[in-house]
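K.L.:
A single structure is presented below for examination.
All of the numbers you see were taken from the coordinates with simple rules; none came from a lab. Keep in mind that what you see is a predicted model, and the values were worked out from it rather than measured.
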Ligand code: UGA
């Protein structure tokens, strides 16, 4: 099939590339000329494992193209995917200006039957708005062209996006016209080798809702577990044991119940807020969804407060080694990363930071922590430790999993580790004479 994917962020670039990998003829469009020129030369604007070789391969094969010319490529395609950003508006709702601008441009340029797919995360009712916007432009051009607007939300995880797309747990397609559903089935059939059961079809509104509910459910599991961790500390229980104890119940399961420094990233914080806003707009005050957000905001500072407490609320002039800045491993993304909040809290109280992250240091320097003076960045995790009072682990990168603890002890002023992701075995650390603070268990 001939596909146009509009927006070359995480979702657009990964989807476009994977569709090309499956033999479709794909053009990825973006208004950012520099990005498009870079992509044509094989410069990938994001770090995502496996993406670069796949882009290069498909560009070379002639199945993947990049362009800034939406109007030209809309004329030549079977399906157009809208994958532009839906940032959080000031009031917490999803800002649809980019989605609707693209819809307008589609209506101004299309000249034949087309399926328009909302792939961006958009609130319930957006497909109707996209439809109305396109129709308005067609009316202006006095054209009577049939088109469908389909909701096909994306469930990929940063850091594992290629795998998620190529071997999906499920694909959700919301369409109100059976012909459009049929075409979407054809497009996705190669991704399901044995059974099409995991292609779930429904009406447009339910599909739009599914995306928000999936993210809100996962965020709820995390906040619930973080709340439990805080209670465990007070009652003298170990959350790591409680987690295993409850996860073994197949109705609960082990995934997404790891306590930590709170969820971050571009999706959970934004989507939880947007779902709350949607509910409120429809006259319903959601209590649980609001609490998920409040618990997460508080959780982001739990490690910082533990540090302040350990040093009797006097952090002035003290240096801390930070291991990990990205909101999770395998990405350079720092959006809503707990590290931002923790580092700012420490620096505001006079501390100095020596940081290391395998991928996210440029993001930190250029955007998220660029206004901070008391932070230095280091080429290796061990270099951050020299002269520091304690090591603070904030992202569970694999290279932090089994470090040389004797080296850590040797370099730190005091042998103290604060672990915001519960990565280490407390008995082993105790034997090594390292003071170990984790989430959900008192030392
Ligand atoms: C999330 C969803 O997992 C994807 O299915 C969805 O497509 C995506 O949002 C989106 O809406 O685009 P992502 O933001 O890449 O994906 O990250 P996750 O791997 O889900 O992690 C989110 C956050 O939860 C991270 O900060 C992580 O550290 C935290 N987390 C995760 C925990 O604190 N505990 C856990 O047990 C699991």
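K.L.:
Looking at the chain, what % of the alpha carbon pairs are farther apart than 30 Å?
P.N.:
Pairs farther apart than 30 Å: 49 percent.
K.L.:
Is region 13-122 rounded, prolate or oblate when judged by the Cα gyration tensor, a ≥ b ≥ c being the square roots of its eigenvalues, rounded requiring a/c under 1.5 and prolate requiring a/b larger than b/c?
P.N.:
Working: a/c = 1.86, a/b = 1.25, b/c = 1.49.
Because a/c hits 1.5 or more and a/b fails to exceed b/c, region 13-122 counts as oblate.
K.L.:
If you take the alpha carbon radius of gyration of region 212-298 and divide it by 2.2 N^0.38 Å, what ratio comes out, to two decimals?
P.N.:
Rounded to two decimals, the normalised Rg is 1.15.
K.L.:
Quote the relative contact order of the chain in percent (integer), defining contacts as alpha-carbon pairs under 8 Å separated by 6+ residues.
P.N.:
Rounded, it is 12 percent for the chain.
K.L.:
Ok, one more. How would region 300-437 be classified by its alpha-carbon gyration tensor: rounded, prolate or oblate, with rounded meaning a/c under 1.5 and the a/b versus b/c comparison settling the rest? List each step's numbers first, then the result.
P.N.:
Details: a/c = 1.56, a/b = 1.21, b/c = 1.29.
Note, shape of region 300-437 comes out oblate.
K.L.:
So, in Å, what gap is there between the alpha-carbon centers of region 147-167 and region 303-376?
P.N.:
Rounded to whole Å, the Cα centres lie 32 Å apart.
K.L.:
Under 10 Å, Cα contacts only: if you run a Gaussian network model on the chain, which one of 380, 109, 195 comes out with the highest mean-square fluctuation?
P.N.:
195
K.L.:
Continuing with the same structure: Using only helices, what value at 222 nm comes out for the chain when you add -39,500 (n - 2.57) per DSSP H run of length 4 or more and divide by the total residues, to the nearest 500 deg cm²/dmol?
P.N.:
Using -39500 (n - 2.57) per qualifying helix, the result is -12500 deg cm²/dmol.
K.L.:
Using a 10 angstrom cutoff on alpha carbons, build the Gaussian network for the chain and name the most mobile of 42, 264, 420.
P.N.:
Top of the fluctuation ranking is 42.
K.L.:
On to the next question. Taking the alpha-carbon centroid of each part, what is the distance from region 385-419 to region 60-129 in angstrom?
P.N.:
Cα centres, region 385-419 to region 60-129: 46 Å.
K.L.:
Oh, and also: Quick one: give the max-minus-min coordinate of the C-alpha atoms of region 2-202 along each principal axis, largest first, in Å.
P.N.:
Result for region 2-202: principal-axis Cα extents of 44, 41, 38 Å.
K.L.:
If you don't mind, there's one more thing I want to ask. What Kirkwood Rh does region 338-390 have if only Cα atoms enter the pairwise 1/r average? Answer in Å.
P.N.:
Mean inverse Cα-Cα distance, inverted, gives 11.4 Å.
K.L.:
Highest GNM mean-square fluctuation, the chain, Cα pairs closer than 10 Å: which of 65, 73, 378?
P.N.:
378
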